[in-house]
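A quick write-up on the structure given underneath.
The values are calculated or read from the model by the stated rules, or taken from the named source; none is laboratory data. Model, not experiment: these values are computed from the prediction. Glycine gets a Cβ as well: all are built from the backbone with ideal geometry, and neighbour counts include every protein chain shown. Remember, those area values only see protein heavy atoms, side chains included, never the ligands or the DNA or RNA. Shrake-Rupley method; radii C 1.70, N 1.55, O 1.52, S 1.80 Å.
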Amino acid sequence: MTLQVVPLHKHPEYKEQCCNLINDEWKRSTTARMRSLDSSCDNLPTNLILLKDNNVIGHCKLSTIPSLQNACFVESVVIDKTLRGNGYGKHLMLSAEDYCKRVLKLKCIYLSTKGQEVFYSKLGYNECQPISIYGGCISTVHSYLNNRSKNNENFMKE
Ligand code: ACO
């Protein structure tokens, strides 16, 4: 068995599989999802995929935080439903952290979750204050973020 974590934009042949994996967890139109995946690049945002024997079994997205340099926001972390509980999520996150440090030269990772607090605590993430993942933007975006922050727990790891 070979496990590999690679940036999606370096392996566009896996885009459709990646789209299906994410949409299996968070339903969205294929067109919108594919367009979002098209934005993956060497600078942020970057979509990382976990490959097991050349099949996409995991995904996470690294995004910029306009108000914070040397940090990124991790979102849409997902492992194939049939393969959870086997350490693949941990492998994906540790590889993503390595990518953030080694390739992107970042020092800190933030994320927000409702329901997976134990998973991230076990990986060494600490609870933190909500951060704004948007720059100076319109108020509707802020209120959406504020609503989400009220319900979710926010975590960071240096
Ligand atoms: N509750 C408690 N412990 C958990 C949970 C959970 N829900 N999920 C994993 N763990 C623990 C495991 O027991 C394991 O502990 P151990 O190291 O002591 O043995 C450790 O965390 C690592 O578990 P993995 O097997 O690597 O986790 P898995 O491969 O199942 O992936 C994931 C975890 C990604 C959360 C998966 O369950 C999933 O895809 N869930 C649905 C989508 C989701 O909720 N994603 C997170 C959204 S938040 C965000 O994107 C920032």
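Couple of notes before you dig in:
- Neighbour net charge for Glu117 - beta-carbon separation under 9 angstrom, K R +1, D E -1: -1
- The range 35-128: C-alpha gyration tensor shape, a/c 1.5 cut-off, then a/b vs b/c: oblate
- MRE, 222 nm, helices only [DSSP H, n ≥ 4, -39500 (n - 2.57), over the chain, to nearest 500]: -10000 deg cm²/dmol
- Per-residue ³J(HN,Hα) for the range 44-52, Karplus 6.51 cos²θ - 1.76 cosθ + 1.60, θ = phi - 60°, Hz, x for Gly and Pro: 5, x, 10, 9, 9, 10, 9, 9, 10
- Most mobile of Val118, Val78, Val56 in a GNM of the chain (Cα contacts under 10 Å): Val118
- Sum of side-chain charges, Gln17 neighbourhood, beta-carbon under 13 Å (Lys, Arg +1; Asp, Glu -1): -2
- Counted without the sites themselves, the longest stretch of the chain free of chymotrypsin sites (Phe, Trp or Tyr not before Pro) in a DSSP loop having at most 16 other beta carbon atoms within 10 Å is 27-133.
- Sulfur and carbon atoms: percent of accessible area, the chain [1.4 Å]: 48 percent
- Residue of Asn86, Asn70, Asn55 that the Gaussian network model of the chain assigns the largest fluctuation, springs spanning Cα pairs under 10 Å: Asn86
- Pair Lys107, Glu75: separation of 7 Å Cα→Cβ label points (nm): 2.5 nm
- Lys107 long-range amide H proximity, modeled H, under 5 Å: Ala71
- The slack in the chain from Met34 to Leu94, taken as 0.36 nm per residue of separation less the alpha-carbon distance, amounts to 19.0 nm.
- Convex hull of the chain built on C-alpha atoms - directionally averaged projected area, nm²: 9.3 nm²
- In this structure the range 1-123 gives 54 Å² per residue of accessible area when probed at 1.4 Å with all protein chains present.
- For the chain, averaging the sequence separation of C-alpha pairs within contact (under 8 Å, six or more residues apart) and dividing by the residue count gives a relative contact order of 20 percent.
- Among the listed pairs Lys10/Lys122; Lys10/Lys61; Lys10/Lys52; Lys15/Lys157; Lys81/Lys157; Lys61/Lys107, those beyond 19 Å (Cα-Cα): Lys10/Lys122; Lys15/Lys157; Lys81/Lys157
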